[in-house]
Amino acid sequence: MLVARLFLISPLWVAYRFHETYHGPLHEEMSFSTLLIMSVVWYLILCWWDSGRAPRSAISVIIRNMALAYCVVWSFLLLFGAGWFFWYMISHVTVWVILFWQMVVHTIAHYYLYPFADPNYYSVRKAGWHPFWDVTPFNFDSELIKDGGFEEPEYTRFVPPTHWLNQCPVCWARQQTNFGVCWNCNYGADGDDTAYRERWGRPPPRPSR
Ligand SMILES: [Zn+2]
């Protein structure tokens, strides 16, 4: 995660070292302390962005995956004689342009589209799911982490079959249905659904009779 953040900051340093302005190299036009301050601010923004995501992939890691992918995509430019500086910068810039438009689209949809398309939208958002970070192919988390956002416990005796996709809100063991008593920690046996409501902000579903 540290490496991912430094990688995302690296274009600043590359530009600082190699970018030529009209008045000369950037490192003669801009002071080194300005570069340091910009890097620290950028780093803190990334830390803030990543906070509260675990065990989902950190946003820095997802953006790093995107940037690496675009480094590969744009690598054909090198064959056509483009300089490595241009290639490195355009790979990073592509990512940020895409992210900017994703943010615009998802912010609009957050208010005007998603809540109507899915009545549960605000509860899954509350549980930590994000319509871009947990959907993009650059997030390599398992489906279970993307959907539920929690690691399963170490199973010692019984391992739930793969098609069990609900998780217990207390021990995160996978369950066959989204109601009833947890086979692992006995959650639900006393009828106390506090854990579920804290997680989802609504009462648990009732079994259909
Ligand atoms: Zn449980």
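Where a number appears in this text, it was derived from the coordinates with a stated rule and is not lab data. In this text the structure is predicted, and so the values were computed from the model without any measurement. Here the Cβ positions follow ideal geometry from the backbone for every residue, glycine too, while neighbour counts run over all protein chains shown.
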For this session: Quick one: among Pro55, Pro11, Pro161, which has the greatest mean-square fluctuation in a GNM of the chain with alpha-carbon springs under 10 angstrom?
Result: Pro161
Problem set entry | Among Met30, Met38, Met103: highest mean-square fluctuation, GNM of the chain, C-alpha pairs under 10 Å | Met30
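Taking the Cα centre of segment 107-209 as origin, sum charge times position over the Cβ atoms of Lys and Arg (+1) and Asp and Glu (-1), and report the length of that vector in debye to the nearest 20.
Values: 10 positive and 12 negative charges, 69 e Å.
Here the size comes out at about 340 debye.
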For this session: Within 10 Å, count the other beta carbons around each residue, average over each peptide in 180-187, 153-160, and list them highest first.
Result: 180-187, 153-160
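Please order Thr136, Thr162 by the number of other Cβ within 10 Å, starting at the fewest. Working shown, then result.
Working: Thr136 17, Thr162 8.
If I rank by nearby Cβ atoms, fewest first, I get Thr162, Thr136.
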Seminar exercise, completed: Quick calc, the chain, dipole around Cα centre from Cβ unit charges on Lys, Arg (+) and Asp, Glu (-), nearest 20 debye, gives 400 debye
Exercise. Dipole size in debye (nearest 20) for segment 152-209 around its Cα centre, Lys and Arg Cβ +1, Asp and Glu Cβ -1?
Worked result: 260 debye
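Please report the projected area of segment 97-209's Cα convex hull averaged over all directions, in nm². Write down the numbers at each step before the final one.
Details: hull surface 35.0 nm².
That works out to 8.7 nm².
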Problem set entry | Pairwise FRET efficiency - Thr194 versus Ser31, Cβ, R0 = 45 Å, nearest 0.05 | 0.20
Seminar exercise, completed: Quick note on Cys171, Cys47, ordering by fewest other C-beta atoms within 10 Å, gives Cys47, Cys171
Exercise. Can you give the Rg to Rh ratio of the chain, both from alpha-carbon atoms, with Rh computed by the Kirkwood formula?
Worked result: 1.10
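May I ask you to derive the relative contact order of segment 2-144, considering only C-alpha pairs under 8 Å and at least 6 residues apart, and to give it as an integer percent?
Values: 90 pairs, mean separation 33.9, N = 143.
With pairs under 8 Å counted, the relative contact order is 24 percent.
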Exercise. Where the centre of each part is set by its Cα atoms, how far does segment 53-114 sit from segment 167-192, in angstrom?
Worked result: 39 Å
Exercise. Projected area of segment 33-131, taken from the Cα convex hull and averaged over every viewing direction, in nm²?
Worked result: 8.4 nm²
